[in-house]
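Undergrad: Let me give you the structure first, and then I'll get to my questions.
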Amino acid sequence: MESFELATLTKWESFYVIIGSSAAALTGLQFVVVALGAEGYTMKTQSVRAYATPTIVHFCEVLLMSAVLSAPWQSFSQVATALTACGLLGFLYSLLVIRRVRKQSDYSPVFEDWLFHSVLPLISYSSIVIASALLQRTPTLSLFLIGGTTILLLFIGIHNAWDAATFIAINRSQKRETANHSQPSEPKRSKSHKHS
């Protein structure tokens, strides 16, 4: 690898250590969210595939790209090939997610759901493919675009995990409230007064 290419990638090592570690930790937290959801809310397989699984995939994609960009490559072309594969797989998976969201009937998505579960991931993975194609010609710009995209994917995952956690919490609260109202209440005892 030329010294310029090596020096350019070395500058990004700390960035990807932080981003990769964050993605790994958030992946673990998403498992907790899904486990909590399974306890108090009957989740259909279609909904999990449409909303929970993509969040894990985005975090894993960030982790994978962090590993790719931290590996001891011999040239930018090798890095570009690996990143292009990551971007294309992510793009194709995002198309599959759109199909799953449309097929599921458990939840009716609103604009924010389409934005964070479909539009932004498609933009992110497209950006990775484009930046990878330009890596050898404009390495600095491409690496900043890839870095920005990994942060965007991380924030998409955080948003989606938070959205799932709040949905589960609200759903549980409503179920408890409904259960409390549906239980027959004990008749109030009237105080008897003795009259002399």
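Undergrad: I want to confirm something. Restricting to region 34-74 and keeping residues that are at pLDDT 80 or above, within 17 Å of the chain's Cα centre (by Cα) and hydroxyl-bearing (Ser, Thr, Tyr), which single residue is farthest from Glu5 (Cα to Cα)?
TA: Only one residue tops the list, namely Thr53.
Undergrad: Taking region 96-111 as the region of interest, how many residues are in a helix (DSSP H, G or I) and either modelled with pLDDT of 95 or more or out of contact with any helix residue (DSSP H, G or I) (no Cβ under 8 Å at 6 or more places or on another chain) (or both)? If you could, list the steps in order and put the result at the bottom.
TA: As a first pass, look at region 96-111 and keep what is in a helix (DSSP H, G or I): 96-103, 111.
Still in the list and also either modelled with pLDDT of 95 or more or out of contact with any helix residue (DSSP H, G or I) (no Cβ under 8 Å at 6 or more places or on another chain) (or both): 96, 99, 102, 111.
So the answer is 4.
Undergrad: Failed condition for Ile168, given (1) farther than 23 Å from Gly87 by Cβ; (2) in contact with a helix residue (DSSP H, G or I) (Cβ under 7 Å, 6 or more places away or on another chain); (3) free of Cβ contacts under 8 Å to residues at least 12 places away in the same chain; (4) in a helix (DSSP H, G or I), with all others met?
TA: For Ile168, the exception is condition (3).
Undergrad: Among the residues in region 136-150, are any surrounded by 20 or more Cβ atoms within 10 Å (Cβ to Cβ) and in contact with a Gly (Cβ under 8 Å, 6 or more places away or on another chain)?
TA: No, the conditions are met nowhere in region 136-150.
Undergrad: Moving to a separate point now. Pick from Ala164, Ala131: which is modelled with pLDDT under 90 and either of a type outside the set (Asp, Glu) or buried (at least 18 other Cβ atoms within 10 Å of the Cβ) (or both)?
TA: Ala164
The values are calculated or read from the model by the stated rules, or taken from the named source; none is laboratory data. Here the structure is a predicted model, which means the values were calculated and not measured. Every residue, glycine among them, receives a Cβ derived from its backbone with ideal geometry; neighbour counts consider all protein chains shown.
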